[in-house]
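Here's the structure, in structure tokens; my notes come after.
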Amino acid sequence: MGDSSVAGALVPSVPKPEAAPSGDASTAAAATTAALALALAEEAGTRAASASPLGPAAEGDGPADRDLLCPICMAVIKDAFLTACGHSFCYMCIVTHLSHKSDCPCCGHYLTKAQLYPNFLLDKVLKKISARQIAKTASPIDQFRYALQQGNEMGVKELDSLMTLIAEKKRQMEQQESETNMQILLVFLHCLRKQKLEELNEIQTDLQYIKEDIGAVERHRLELYRTKERYSMKLRMLLDDPAAQKMWPSPIDKASSLFLPNSRTPLSASCPGSLQNKKLDLKAQVSHQGFQRRDALTCSDPPNSPIQSGNVIARKRRVQAQFNELQEYYLQRRRTGAQSRRQEERDIVAMNREGYHAGLQDFQSVLTTFTRYSRLRVIAELRHGDLFHSANIVSSIEFDRDDELFATAGVSKRIKVFEFSSVVNEPSDVHCPVVEMATRSKLSCLSWNKYSKNVIASSDYEGIVTVWDVQTRQSVMEYEEHEKRAWSVDFSRTEPSMLVSGSDDCKVKVWCTKQEASVINIDMKANICSVKYNPGSSFYVAVGSADHHIHYFDLRNPSAPVHVFGGHKKAVSYVKFLSNNELASASTDSTLRLWDVKDNCPVRTFRGHKNEKNFVGLSVNNEYIACGSETNEVFVYHKAISKPAASHRFVSSDLDDADDDPGSYFISAVCWKSDSPTMLTANSQGTIKVLVLAP
């Protein structure tokens, strides 16, 4: 970063349409009015034409055409009647008129129903015009139907020929329709066969992968049993012949430590008869291992075998419970490994070493870690609240560089630093912090410096970003450029003097502890909920925004993000990096998502917890993702499985809180202890628990 402030360019916004000049307003209004009038006129003409059986010709250009319309209904006269004054009307129209009035609708002369006369000539003219119009515009079927309706006389032979012609035409049409239907059905069947063949090829390929992997696993398993048997034979030789101890010093010591209560105790120091008992026990073990070896060849577990321990049975049940998820991940890794050339080169090395495909190795690692744990066990608990502050919500909880200390912050306006070993090893209802620092405002986030053990940064509700010296308990730097509440702050792992913050003022600011002002400023369109440096670079920053997206920036060119990850349906409350290429995000749409920032693609969506309005915490390590829930529970997900691997519900132990609704509390912060199975969790009640993943 430079010595002076560097302001990033604004993110381009969508330009608003410019208003028309005031001088053209009257012209535009007049044009709009004229167009509307023309459209209405055309619509009226269309309606009149559609109402006339004669079509547009009846409303022709000359007055003679208009004389064919009834002056009352303005449609072509039907059943024409002539009045004594010489005007023609539809019979029903003029009769209806005369039932209310006694005058002519055209001239106003006195008129009664007795002065109405049928106009046969006009009816005849209208029928001829209608027949001529139908002959011009109607289809042959309509013409034929019209001729029959008019009562045209036809002979029986003519009707028979017409019926024969119609029947033949019907057969042709039915045959053509059948051919068309057969063609469509054939196209569908061809497409279906192609799809199923592709699926079959994919299944056959997958079966080949599975067959290869089964063979590799069986060979490896058999080799393990053979190795155990060789050591057992050597141990039996040693027990049968004590002089053989000199022949196998190292292997025997190593092997005997697996079976003897204390391998460092000489055999001569045992009780009388113990050697004989050990021989008998060893023979039983060797016999049992031989049975296991035979069982390995048949791929089944022997009855009452140690392999059927409760832990193994529980792990098998976890596999069955998440079988579909594990199957999808296995096939994904196996197919991806087979399609990548670089992966194939790595596969050769892996197969030469253990006979395993690299995809199988990766899946075995996932399977091992996923089935190893099934629950969260509490190993320590403390209350964060005190007598002078009723507000107990812990907004952030973080371990220091060496995982020896952890700091908490929240609405109590205090940063408290505890010694982790004391909290775990010294049972006590109240644990006093080793350091406590007061702040002016409620705190939203903490971030330890990964280089300097005593430096920690905080962000608060007034938008102030503060850098603290834990040893002196004093603030080192205070940055007050944010105009609204700052939600997140994070130190860079690779450049310890750099930190980034995000705020409700829609700004991301990058700071240097050696300067008093921000060195980079990024303006965005929505509130910033979370910011996080990529652990492998001081240039890349992930930003979780209220616009439902994650914006991934390269600070060397902050004018626009490198990529925008979309998929969440609500605000993105947290972003955390599992590795240099894996990014996890949390949202108030009750989902977590895993992204690949190298290939700029989504990887997986995690569901199981509830998060609709609160900040419930997010923490990650190499394999697991932990988050809170508005049900006052902590959930742990394995990064390869979309369903929770373990969970723990906070239950109040205080009598005063026992009657409270559990739904009124929520988990507010979580933090893993590096890559261990231990984590810190806190809820809105002010309770902090140390949890550990357990079988």
Reduced to Cα centres, the span from the stretch 86-145 to the stretch 505-527 in Å works out to 85 Å
Once all Cα-Cα distances of the stretch 436-582 are split into 5 Å bins that start at 0, what whole-number percent is in each one?
2, 10, 21, 24, 21, 13, 6, 2, 0
Taking the stretch 80-137 on its own, what percent of its Cα-Cα pair distances exceed 13 Å?
61 percent
Quick query: amide H of His549 versus all other amide H atoms, modeled in the peptide plane; which residues come in under 5 Å with a sequence gap of 5 or more or a different chain?
Val572
So the carbon and sulfur contribution to the accessible area of the stretch 80-137, 1.4 Å probe, in percent, is 60 percent
Go through Lys507/Lys576; Lys416/Lys689; Lys211/Lys598; Lys316/Lys639 and tell me which ones have a Cα-Cα distance over 21 Å in this structure.
Lys211/Lys598
Over the stretch 147-213, with the other protein chains present, what is the accessible area per residue in square angstrom, probe 1.4 angstrom?
91 Å²
Might you report the magnitude of the Cβ-based charge dipole of the stretch 151-205 about its Cα centre, with Lys and Arg at +1 and Asp and Glu at -1, to the nearest 20 debye?
140 debye
Heavy-atom accessible area per residue of the stretch 373-694, all protein chains kept, 1.4 Å probe, expressed in Å², is 39 Å²
Under 5 Å between amide H atoms, partner at least 5 residues away or on a different chain: which partners does Met477 have, H built in plane at 1.01 Å?
Val467
Provide the gained length on full extension for the span Leu162 to Ala321, in nm with one decimal, where the gain is 0.36 nm per separating residue minus the Cα-Cα distance.
50.0 nm
Do you know the relative contact order of the stretch 464-616, to the nearest whole percent, from alpha carbon pairs under 8 angstrom that are 6+ apart?
13 percent
Gyration tensor (Cα) of the stretch 373-694, equivalent ellipsoid semi-axes in angstrom:
28, 24, 18
Förster-model FRET efficiency, 45 Å R0, Glu404 and Glu212, C-beta, rounded to 0.05
0.45
Can you give me the % of accessible surface on the stretch 373-694 that is carbon or sulfur? Probe 1.4 Å, all protein chains present, nothing else counted.
45 percent
Once the whole set of protein chains is in place, how much accessible area is left on Arg193, using a 1.4 Å probe, in Å² to the nearest 10?
140 Å²
Using the Cα centre of the stretch 80-137 as the reference point, and only Cβ charges (+1 on K/R, -1 on D/E), how large is the resulting charge dipole? Debye, rounded to the nearest 20.
340 debye
In order over the stretch 101-117: 3J(HN,Hα) from phi, Karplus 6.51/-1.76/1.60, θ = phi - 60°, whole Hz, x for each Gly or Pro, gives 9, 10, 9, 7, x, 8, 10, x, 5, 4, 8, 10, 5, 6, 9, 9, 9
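The values are calculated or read from the model by the stated rules, or taken from the named source; none is laboratory data. All values derive from a computational prediction rather than experimental measurement. Cβ atoms come from the backbone with ideal geometry, glycine included; neighbour counts cover every protein chain shown. Remember, those area values only see protein heavy atoms, side chains included, never the ligands or the DNA or RNA. Shrake-Rupley method; radii C 1.70, N 1.55, O 1.52, S 1.80 Å.
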